[in-house]
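Undergrad: Below you'll find the structure I mean.
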Ligand code: COI
């Protein structure tokens, strides 16, 4: 990106860095942020990197009232030889535009956004943690800023990127988590916004999540919104089941988020010739496999969560103990390979990583 396109104002007050050995998810933010504005007459303009700071918005800004907003999540990793790698960032920018389209938000220039992100990481490179199991979580998002209470697409927007050094998303780390299958509330239906990364999908998930949490479950597993039979996804992850040697994940059906980690896992499994299929799968089928002793492993996938093994599923008063609450062999191999590629330790056979030059 040329200097005319990106203004950089560096902070004079560097924040104190957190203890990288004890990072929580998304609680601390780096010294700088990226901002770009959109107006109908100028289009996207005024791309800038500025010190991390609060926003000033009109209380009637449309994002507050009608939730016209989209976001992404991706990570940067510090490698042993001192490089910084992004994992498939082009896919995140592509998906941001797919979400934009669904939410009537103007398309961003993906290459420009990626260049700006690299520049931002370069400036805040000391915030990329080096401790095992940590990374720099990157949150690009777009908000509707027009001051108006009419229900229509906003005429102005801000595209912002903030970054946060993080540890593991779940307090369990790589240890298996417990998940409750949600039969009362639904997350999305085909034709709705389920496949877009938009705030409302997450706001509407909180109620079920709260109930599950009170009962000791880390997340809920959503079923389809029509028949409440077929598995869709988990609060912050896609989901995979290994049944009798075959790996099954719900097919993208218009209401499931097309996860980039999900796609990467499908690539790895196919590369290893592990039988894998994307199709509808019901809780009845999973329960039957469990009773037959064929439910071998269950794991979630996501940028924040990476690979998260599931040790227990709770469904209609039945507890399904999976692999004695231990991480399965395949889940562990996937975790090691994926994080190995992300950290530059394993051969990047699919050309997924992108180096950020410091
Ligand atoms: C991610 O995995 O990056 C997500 O966006 C999930 C998030 C809601 C924590």
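Undergrad: Would you mind stating whether residue 230 is modelled with pLDDT of 95 or more and under 28 Å from residue 327 (Cβ atoms)?
TA: Taking the combined requirement at face value, the residue satisfies it.
Undergrad: Quick one: count up the residues across the range 210-227 that are under 21 Å from residue 250 (Cα atoms) and either within 16 Å of the ligand (Cβ to nearest atom) or not assigned by TED's automatic domain parsing to the domain that holds residue 249 (or both).
TA: Result for the range 210-227: 5.
Undergrad: Taking the condition of being within 16 Å of the ligand (Cβ to nearest atom) and assigned to a loop (DSSP other than H, G, I, E, B), how many residues in the range 228-254 meet it?
TA: Count: 2.
Undergrad: Moving to a separate point now. Tell me, which residue of the range 114-141 that is away from the ligand (no atom under 16 Å from the Cβ) and under 18 Å from residue 158 (Cα atoms) is surrounded by the fewest Cβ atoms within 10 Å (Cβ to Cβ)?
TA: Ranking the candidates gives 115 first.
Undergrad: Can I ask one more? With the condition being under 22 Å from the mean Cα position of the chain (by Cα), I'd like the strands (runs of 3 or more DSSP E) fully within the range 31-78 carrying at least 3 qualifying residues. Give the steps one after another, and end with the answer.
TA: Numbers: elements: 32-39, 43-51, 69-71, 74-78.
Because the criterion is at least 3 residues that are under 22 Å from the mean Cα position of the chain (by Cα), the strands (runs of 3 or more DSSP E) in the range 31-78 that meet it are 32-39, 69-71, 74-78.
Undergrad: If you check 91, 75, which single one turns out to be out of contact with any strand residue (DSSP E or B) (no Cβ under 8 Å at 6 or more places or on another chain) and in contact (Cβ under 8 Å) with a residue 60 or more places away in the chain?
TA: 91 is the lone residue from the list that is out of contact with any strand residue (DSSP E or B) (no Cβ under 8 Å at 6 or more places or on another chain) and in contact (Cβ under 8 Å) with a residue 60 or more places away in the chain.
So that you can scan it fast, the table gives a plain yes or no per residue for (1) over 30 Å from residue 104 (Cα atoms); (2) surrounded by fewer than 17 Cβ atoms within 10 Å (Cβ to Cβ); (3) within 16 Å of the ligand (Cβ to nearest atom):
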{"site": "5", "(1), (2), (3)": "no, yes, no"}
{"site": "9", "(1), (2), (3)": "yes, yes, no"}
{"site": "12", "(1), (2), (3)": "yes, yes, no"}
{"site": "26", "(1), (2), (3)": "no, yes, yes"}
{"site": "32", "(1), (2), (3)": "no, no, no"}
{"site": "40", "(1), (2), (3)": "no, yes, no"}
{"site": "57", "(1), (2), (3)": "no, yes, no"}
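Undergrad: Applying the selection to the range 146-173, what residues are within 15 Å of the ligand (Cβ to nearest atom) and buried (at least 19 other Cβ atoms within 10 Å of the Cβ)?
TA: Of everything in the range 146-173, those that are within 15 Å of the ligand (Cβ to nearest atom) and buried (at least 19 other Cβ atoms within 10 Å of the Cβ) turn out to be 161, 163, 164, 165, 166, 167, 168, 169, 170.
Undergrad: Got at least one residue in the range 211-227 being in a loop (DSSP other than H, G, I, E, B), in contact with a helix residue (DSSP H, G or I) (Cβ under 7 Å, 6 or more places away or on another chain) and in contact (Cβ under 8 Å) with a residue 24 or more places away in the chain?
TA: Looking for residues that are in a loop (DSSP other than H, G, I, E, B), in contact with a helix residue (DSSP H, G or I) (Cβ under 7 Å, 6 or more places away or on another chain) and in contact (Cβ under 8 Å) with a residue 24 or more places away in the chain, one finds none in the range 211-227, hence no.
Undergrad: For the range 314-351, what are the residues that are assigned to a helix (DSSP H, G or I) and more than 16 Å from residue 268 (Cα to Cα)?
TA: Passing the criteria: 323, 324, 325.
Undergrad: Checking the structure you have, find out if any residue of the range 302-313 is part of a loop (DSSP other than H, G, I, E, B), exposed (fewer than 14 other Cβ atoms within 10 Å of the Cβ) and in the same structural domain as residue 192 (by TED's automatic domain parsing). Explain how you work it out, then say what you get.
TA: Keep residues of the range 302-313 that are part of a loop (DSSP other than H, G, I, E, B), which gives 303-305.
Filter once more, keeping what is exposed (fewer than 14 other Cβ atoms within 10 Å of the Cβ): none.
No; the residues of the range 302-313 include none that is part of a loop (DSSP other than H, G, I, E, B), exposed (fewer than 14 other Cβ atoms within 10 Å of the Cβ) and in the same structural domain as residue 192 (by TED's automatic domain parsing).
Undergrad: Would it be correct to say that residue 298 is out of contact with any helix residue (DSSP H, G or I) (no Cβ under 6 Å at 6 or more places or on another chain) and assigned to a strand (DSSP E or B)?
TA: yes
Undergrad: Can you tell me which residue is farthest from the ligand (Cβ to nearest atom) among those in the range 255-274 that are surrounded by 22 or more Cβ atoms within 10 Å (Cβ to Cβ) and in a loop (DSSP other than H, G, I, E, B)?
TA: 255
Undergrad: Hey, among the residues in the range 125-145 that are assigned to a loop (DSSP other than H, G, I, E, B) and in contact with a helix residue (DSSP H, G or I) (Cβ under 9 Å, 6 or more places away or on another chain), which one's farthest from residue 302 (Cα to Cα)?
TA: Looking at residues that are assigned to a loop (DSSP other than H, G, I, E, B) and in contact with a helix residue (DSSP H, G or I) (Cβ under 9 Å, 6 or more places away or on another chain), I get 145.
Undergrad: Also, quick follow-up: With the structure loaded, tell me whether residue 118 is assigned by TED's automatic domain parsing to the domain that holds residue 59 and over 20 Å from the mean Cα position of the chain (by Cα) or whether it fails that test.
TA: Values: assigned by TED's automatic domain parsing to the domain that holds residue 59: yes; over 20 Å from the mean Cα position of the chain (by Cα): no.
Judged against the criteria, residue 118 is not a match.
Undergrad: Whether any residue in the range 277-290 is free of Cβ contacts under 8 Å to residues at least 24 places away in the same chain, closer than 24 Å to residue 96 by Cβ and in contact with a strand residue (DSSP E or B) (Cβ under 9 Å, 6 or more places away or on another chain) is what I want to check.
TA: No: the range 277-290 contains no residue that is free of Cβ contacts under 8 Å to residues at least 24 places away in the same chain, closer than 24 Å to residue 96 by Cβ and in contact with a strand residue (DSSP E or B) (Cβ under 9 Å, 6 or more places away or on another chain).
The values are calculated or read from the model by the stated rules, or taken from the named source; none is laboratory data. All values reported here derive from a predicted model rather than from experimental measurement. Every residue, glycine as well, gets a Cβ built from its backbone with ideal geometry; the counts of neighbours run over all protein chains shown.
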